[in-house]
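Reviewing the structure listed below.
The values are calculated or read from the model by the stated rules, or taken from the named source; none is laboratory data. Predicted model only: the values in this text are computed from it and were never measured. Neighbour counts are summed over all protein chains in view; Cβ atoms, including those assigned to glycine, are modelled from backbone coordinates with ideal geometry.
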Amino acid sequence: MKKIVLFVSLVLVLFTSIVSAHGPVRGKMTATVSINASASDVWAVISDYGDMSWHPAISNVTVDNGNTKGSVRVLTLASGGTITEELKKHNSGKMSYKYKITDMSTAQTIQHAGKDEDVPVLPVENYQATLTVKDKGGKSVVTWVATYYRGYLNNEPPVELNEAAADEAVTAVLTDGLTSLLQKFDASGDASAIKIKMKR
């Protein structure tokens, strides 16, 4: 029995060491909401890559090439700071578009492991997301899928740039956006209508 316990303990230590040695693991967050409106009506609100007025965290958007692949938009956040994103794909027929964050302003600079570390306004790396609307029996299902890594790609991240910080920030982006979108069609809608699934 002692040998079995020892073996299990060694396996767990080895597994932890391997995970630690390989650093961060990509997270995939999927947020969905059902809206009592036609898919075309909902898509009309979010289809313009240069218009994020439906998201409460974004105060202004500038865009260089509309809904064309490669178009770059700069989001000015209501809380301060900017996020720059590149459009990877836009398909009006499928009511979907995909984008990638290419740059972010710094929210704060911290000391970690003896050096300065910039904490971006969204504490993530390699962030990509897809926003899609589908018809379901005359109603709409909006799905927002984001993939990303924590903001600190080395081992032993500071709390400002670890997985929990990344997950919390992305959850807020997706939940706040979909709640606001829902409320454009249903004033009584709230965040409890948003379903979040996380995979890492």
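Do you know which residues across region 79-101 are surrounded by 12 or more Cβ atoms within 10 Å (Cβ to Cβ) and within 16 Å of VAL173 (Cα to Cα)?
Scanning region 79-101 gives GLY81, THR82, ILE83, THR84, GLU85, LYS98, TYR99, LYS100, ILE101.
Exactly one of these conditions fails for MET198: (1) part of a helix (DSSP H, G or I); (2) surrounded by fewer than 16 Cβ atoms within 10 Å (Cβ to Cβ); (3) in contact (Cβ under 8 Å) with a residue 60 or more places away in the chain; (4) aliphatic (A, V, I, L, M). Give me its number.
Among (1) part of a helix (DSSP H, G or I); (2) surrounded by fewer than 16 Cβ atoms within 10 Å (Cβ to Cβ); (3) in contact (Cβ under 8 Å) with a residue 60 or more places away in the chain; (4) aliphatic (A, V, I, L, M), MET198 violates only (1).
For LEU122, work out the one condition from (1) assigned to a loop (DSSP other than H, G, I, E, B); (2) surrounded by fewer than 21 Cβ atoms within 10 Å (Cβ to Cβ) it doesn't fulfil.
(2)
Take the conditions at positive phi and small (Gly, Ala, Ser) and apply them to GLY177. Does it pass?
No; evaluated as a whole, the condition is false for this residue.
Scanning for something aliphatic (A, V, I, L, M) and touching a Gly at 6+ places or on another chain (Cβ under 6 Å), does region 176-188 turn up at least one residue?
Checking region 176-188: at least one residue is aliphatic (A, V, I, L, M) and touching a Gly at 6+ places or on another chain (Cβ under 6 Å).
Being crowded, with 17+ Cβ neighbours inside 10 Å, of a type in the set (S, T, N, Q) and more than 20 Å from SER53 (Cα to Cα) is true for just one of THR179, THR147. Which residue is that?
THR147
Residue by residue through region 132-143, note down the ones that are surrounded by fewer than 23 Cβ atoms within 10 Å (Cβ to Cβ) and either part of a strand (DSSP E or B) or touching a helix residue (DSSP H, G or I) at 6+ places or on another chain (Cβ under 7 Å) (or both).
Once the filter is applied, which keeps residues that are surrounded by fewer than 23 Cβ atoms within 10 Å (Cβ to Cβ) and either part of a strand (DSSP E or B) or touching a helix residue (DSSP H, G or I) at 6+ places or on another chain (Cβ under 7 Å) (or both), region 132-143 yields THR132, LYS134, ASP135, LYS136, LYS139, VAL141, THR143.
Name the one entry in SER71, SER96, SER105 that is hydroxyl-bearing (Ser, Thr, Tyr) and over 17 Å from the mean Cα position of the chain (by Cα).
Residue meeting the stated conditions: SER71.
Looking only at region 102-119, which residues are surrounded by 14 or more Cβ atoms within 10 Å (Cβ to Cβ) and over 18 Å from GLU156 (Cβ atoms)?
If the condition is that a residue be surrounded by 14 or more Cβ atoms within 10 Å (Cβ to Cβ) and over 18 Å from GLU156 (Cβ atoms), then MET104, SER105, ALA107 are the ones that fit.
For SER105, indicate whether it is closer than 17 Å to ALA44 by Cα and of a type in the set (Ser, Thr, Tyr).
Considered against the rule, which asks whether it is closer than 17 Å to ALA44 by Cα and of a type in the set (Ser, Thr, Tyr), SER105 comes out as no.
If HIS55 satisfies all but one of (1) within 17 Å of ASP176 (Cα to Cα); (2) of a type outside the set (A, V, I, L, M); (3) more than 15 Å from the chain's Cα centre (by Cα), what's the number of the condition it fails?
(3)
Out of the residues in region 164-176 that are surrounded by fewer than 18 Cβ atoms within 10 Å (Cβ to Cβ) and more than 10 Å from the chain's Cα centre (by Cα), which is farthest from PRO24 (Cα to Cα)?
Across region 164-176, the extreme among qualifying residues is ASP176.
So for region 49-58 (the condition being at pLDDT 95 or above, surrounded by 10 or more Cβ atoms within 10 Å (Cβ to Cβ), farther than 20 Å from TRP144 by Cβ and not small (Gly, Ala, Ser)), does at least one residue qualify?
no
Only one of (1) hydrophobic (A, V, I, L, M, F, W, C); (2) assigned to a loop (DSSP other than H, G, I, E, B); (3) without any contact (Cβ under 8 Å) to a residue 60 or more places away in the chain; (4) touching a helix residue (DSSP H, G or I) at 6+ places or on another chain (Cβ under 8 Å) fails for ALA187. Which number is that?
It fails just one condition, (4).
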